[in-house]
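What follows is one structure encoded as structure tokens, with my remarks underneath.
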Amino acid sequence: MSVTTHPKVSTHRQPEPGNFAFTDEEWAEAEKHLAKYPPHHKASAVLPLLWICQRKLGGYLTHSAIEYVAQVLEMAPVRVHEVAHFYSMFNHEYPGQYFIQVCRTTPCMVRGADDLTEMLKRKLGVDLGEVTEDGLFSVREVECLGACCNAPMVQINDWYCEDLTPDRLEKVIDDLRAGRPVQRGSQAGRVTSEPATGPTTLTEVDEAGHPDYPFREGAEAEPAEVRIAREQAESGEQSGGDT
Ligand code: FES
């Protein structure tokens, strides 16, 4: 495969040491990330490349995968190890088929994160960091996952499960164990992070179904109140300019 944006990348198709290597499809994905950065800053792609490795390996990173990324990005291996061991999104042992990360930071904590963790430990019969005997689940506590509006929440593999109670999360576990489809996002039925009682702003839509807000495409760019204030300022009314 020819690479134009980052020509050095393709020279590392058969890295040594180790036997880890991307497939052509994984290379295509990696090169999309690399194309976001100048060639001399390709180390910036370390997180998405490690993520591709982890997905390829079924949920965790190996030493050889980390070394491979270091070669691809021309980084000192220790720097890639540092990144891979800093972020809780990366595992270094098999985390089971469903890796559950319970957010325990303040908004989730005050909304019941501890109850979620206790329910999971009791239901799954594991402590934090352990994998269930059937290899299906493991649980870890992590810091804010950026969905505080829908607290408490957990991340399961690469998707979020929000607006949780112990009962709601228990149902998710039962559904996953039974192979039933699981609703992603809010478990309370709300759309993204709109108010629990439904939207209170942008409730009117135009004929195309788009919210009727002032700066939408095709709308008057300047809201009326801004235009009036600007015109008053320009005419000197607001400041009493000619006195
Ligand atoms: S505190 Fe839990 S998502 Fe931010």
Please verify whether GLU130 is assigned by TED's automatic domain parsing to the domain that holds ASP174, away from the ligand (no atom under 16 Å from the Cβ) and closer than 30 Å to ALA196 by Cα, treating the condition exactly as stated. no
Elements of type strands (runs of 3 or more DSSP E) contained in segment 89-169, each with 3 or more residues being under 26 Å from VAL46 (Cβ atoms): 98-103, 137-142, 154-156
THR192 vs (1) exposed (fewer than 12 other Cβ atoms within 10 Å of the Cβ); (2) modelled with pLDDT of 95 or more; (3) within 16 Å of the ligand (Cβ to nearest atom): all pass except (2)
Considering only residues of segment 133-161 that are away from the ligand (no atom under 12 Å from the Cβ) and not charged (D, E, K, R), which is surrounded by the fewest Cβ atoms within 10 Å (Cβ to Cβ)? TRP159
Note down all Cβ pairs under 7 Å where the first residue falls in segment 139-167 and is of a type in the set (Ser, Thr, Tyr), the second is loosely packed, with under 15 Cβ neighbours inside 10 Å and not in a strand (DSSP E or B), and they're at least six residues apart or on different chains. TYR160/ARG184
(1) more than 16 Å from the ligand (Cβ to nearest atom); (2) surrounded by 21 or more Cβ atoms within 10 Å (Cβ to Cβ) all hold for CYS108 apart from (1)
What's the total number of residues in segment 79-89 that are touching a Leu at 6+ places or on another chain (Cβ under 8 Å) and at pLDDT 95 or above? 3
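The values are calculated or read from the model by the stated rules, or taken from the named source; none is laboratory data. This structure is a prediction, so every number in the text was calculated from the model and none was measured. For neighbour counting, all protein chains shown are included, and Cβ atoms are generated from backbone atoms with ideal geometry for every residue, glycine included.
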